[in-house]
Every structure is written in structure tokens, then in C-alpha cells.
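As C-alpha cells, the structure follows; a few thoughts come after it.
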Amino acid sequence: MSASVLYDAPGPKAVVRNRVYAVVGSLAIVALLVVGVMRLADKGHLAPEMWDIFNYSGIRQNIADGILATLKVFGLAAVGSLVLGVVLAVGRLSDHKPVRWLATGFIELFRSIPLLITIYAIWVGFLTDYSMWALAAGLSVYNGCVQAEVLRAGVNSVPKGQSEAAYALGMSKTQVMVGVLIPQAVRAMLPTIISQLVVTLKDTSLGYIILYPELLNSARLIASNTLVNGQYPYVSTIVVIGVIYVAMCLLLSALATWIEKRGRRAKTGIVVADATPPTEMGNVIDGSGGR
């Protein structure tokens, strides 16, 4: 039995106690789920009619339109946040104090303001008639600030010898940043970058505050305007829309994993010359070994 640096390995009694706690906790969770399902069934939320509404073409079309609207604004926000993140990260690492202070102030300001307030302020103040662009701009600003900090951490994690060698070759600071530091930072921080993109995808649901017809807003309209057996199908709608959100996030995570694995398999570095011994000079000159 080996011990960890952080804690001692549990003894026989502790192992038995931990297993008992795990079994009891699992049973408690299962019991709560069963009680919840039974209560929903008693109130009629699990009746087949509640789920049959998704067979109607109109409701399926509304869901499809909501998914498309969500993906549109996510695409804009993803590109905008990554571009803004690179700009802010470079500004945060600048040697010029005014640029560094401006980038730092921008990041700290919009990381402190709730995202909902940022989206609403942009919509009311600048883009009242363009809710999609207002939502994309708000998401880009907030998530761009977060991505900037991620990229800055990635750049700082690159060994200093990389930049020193680049400067020794006569490269400018811009060339070092663009050609040496940022590519390595992106590769090192790719999981965190993708995780923040997943957060961006989920935050598109805040578009309801500015009346943008994204997926969650479409679900709210479906559930509040469809009457089944004297009840509104909120439970079934939430379950279906939740599954769709989970599926989109899993697909994005799978794409990130594929990109990361592909990047690791990429052949990089300097090609090493073959170490085969050179041909004798005499054979090269006259092919007979003589001089």
C-alpha cells in the first residue's frame, strides 16, 4: 500500500468506511431522483401527450430555427472573443506602459461587470435594432477578456530561452510574439481555450434578455404557448432543450480533443541529417581508392 505526498493511504477500516459512505450517498441520490420522477408523473408532466408535441412540424421547425440562431451568434462570438483575446493579451504584455495599462483596465473592467449587464447595455445603447450583433458583441467582449488572460498565462509559460534565442537571431518583438510565443501558448492552453468556448456557447442563452430568438428563447415560447391536458409542457421542453445543449457542448469538446491530438501528431522541429559515414575521398575522386 503506497502513500501519497498529499495524504496518507487509508487503512482497512477507512477503506470500508469510505465504501459505505459511497454506497449510502449513491442510494440517497437515486432515492431523490425516484421521488422527483414520481412527483412529476403524479402531476402529469411525464404523460405521453407532453412529449408528443415534438412530433409537430411547427415545433420542430421552431427548435431548428433556435439552434441555427444559437450557432450563428456563437460563431460570431467565438471568432470575436479569440481575436479580441489575442489583441488584449499582446497589449497586456506590451513594453509600452500606456498600452499595457489600457489593456489591463479594459480586461479588469469587463471581467468585473456581469455579462448580462454588458449585453443589455450594448443592445440599448448601440444596437437596439440588431439583437444578434448586440449579443455577439457582449459575448465577444467578456469572453475576449477571459481568453486574453488565458493566452497571457500561456505566453508566460513558454521558457524564456525561446524568446531569447529568437531575439539573438535578430527577430523583432512582433515577430517573436507572432511566430514563436503565441503558437506555443495556444497549443499549451488549448484545453482551457476550448473550455471557455463551451462557456460562450452556453452563454448565448442570455439572448432572451434582448429578445433574440436563440434556442432557449424558442423553448420558452414553445412551453408557454402550448397547452396540453390543461398544463404547459415546461418539463418536457426543458429536458429536450437541455439534451440539445449538452449534445452541442459535447460535439465542441470532441472537436477540441481531435484538434489537440492532431496538433500533437504534427511533425515539428528540425530534421536531423543522416549519420551514415561519408564515402572515402579516393572513391569519390577516381573510384579506385588511389590518389
- Note on the structure: Condition set within 27 Å of residue 109 (Cα to Cα), without any contact (Cβ under 8 Å) to a residue 60 or more places away in the chain and of a type in the set (A, V, I, L, M, F, W, C), scope region 159-181, selection surrounded by the fewest Cβ atoms within 10 Å (Cβ to Cβ): answer is 178
- Task: Check whether at least one residue in region 39-54 is exposed (fewer than 14 other Cβ atoms within 10 Å of the Cβ), under 33 Å from the mean Cα position of the chain (by Cα) and either not in a loop (DSSP other than H, G, I, E, B) or not β-branched (Val, Ile, Thr) (or both), and report yes or no.
- Result: no
- residue 24 vs. criteria out of contact with any helix residue (DSSP H, G or I) (no Cβ under 6 Å at 6 or more places or on another chain), of a type in the set (Val, Ile, Thr), under 30 Å from residue 256 (Cβ atoms) and at pLDDT 90 or above: no
- Give me the pairs, please: first residue somewhere in region 16-32 and among the acidic types (Asp, Glu), second residue anywhere and in a helix (DSSP H, G or I), beta-carbon distance under 8 Å, and either six or more positions apart or on two chains. none
- Query: Got a number for residues in region 154-176 being among the hydrophobic types (A, V, I, L, M, F, W, C) and touching a helix residue (DSSP H, G or I) at 6+ places or on another chain (Cβ under 8 Å)?
  - Reply: 5
- So which helices (runs of 4 or more DSSP H) stay within region 73-184 end to end and still have 3 or more residues that are closer than 21 Å to residue 196 by Cα? 97-112, 115-125, 131-157
- Task: Have a look at 211, 215 and point out the one that is on the phi > 0 side of the Ramachandran plot, more than 18 Å from the chain's Cα centre (by Cα) and touching a residue at least 40 places away in the same chain (Cβ under 8 Å).
- Result: 211
- Among the candidates 246, 228, 199, single out the residue that is closer than 20 Å to residue 58 by Cβ and either open to solvent by less than 90 Å² (accessible area, probe 1.4 Å) or at pLDDT below 90 (or both). 228
- Note on the structure: Checked region 74-105 for anything β-branched (Val, Ile, Thr) and over 21 Å from residue 183 (Cα atoms); matches are 99, 104
- Return a yes/no flag: does region 28-37 have any residue that is assigned to a helix (DSSP H, G or I), over 19 Å from the mean Cα position of the chain (by Cα) and surrounded by 11 or more Cβ atoms within 10 Å (Cβ to Cβ). yes
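Give the residues of region 202-213 that are among the aromatic types (Phe, Trp, Tyr) and surrounded by fewer than 21 Cβ atoms within 10 Å (Cβ to Cβ), sorted by residue number. Even if it seems obvious, please write down each step before you answer.
Applying the first criterion (among the aromatic types (Phe, Trp, Tyr)) to region 202-213 yields 208, 212.
Listed by number, the list holds a single entry, 208.
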- Could you say whether any residue in region 65-83 is over 25 Å from residue 173 (Cβ atoms), open to solvent by 60 Å² or more (accessible area, probe 1.4 Å) and modelled with pLDDT under 90? no
- Message: Quick test for you: out of 216, 252, pick the one residue that is among the aliphatic types (A, V, I, L, M), open to solvent by less than 40 Å² (accessible area, probe 1.4 Å) and assigned to a helix (DSSP H, G or I).
- Response: 252
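The values are calculated or read from the model by the stated rules, or taken from the named source; none is laboratory data. Since the model is a prediction, treat every value here as computed from it, not as a measurement. Neighbour counts run over all protein chains shown; Cβ positions are idealised from the backbone, glycine included. Protein only, heavy atoms only, side chains kept; ligands, DNA and RNA dropped before computing areas. Shrake-Rupley method; radii C 1.70, N 1.55, O 1.52, S 1.80 Å.
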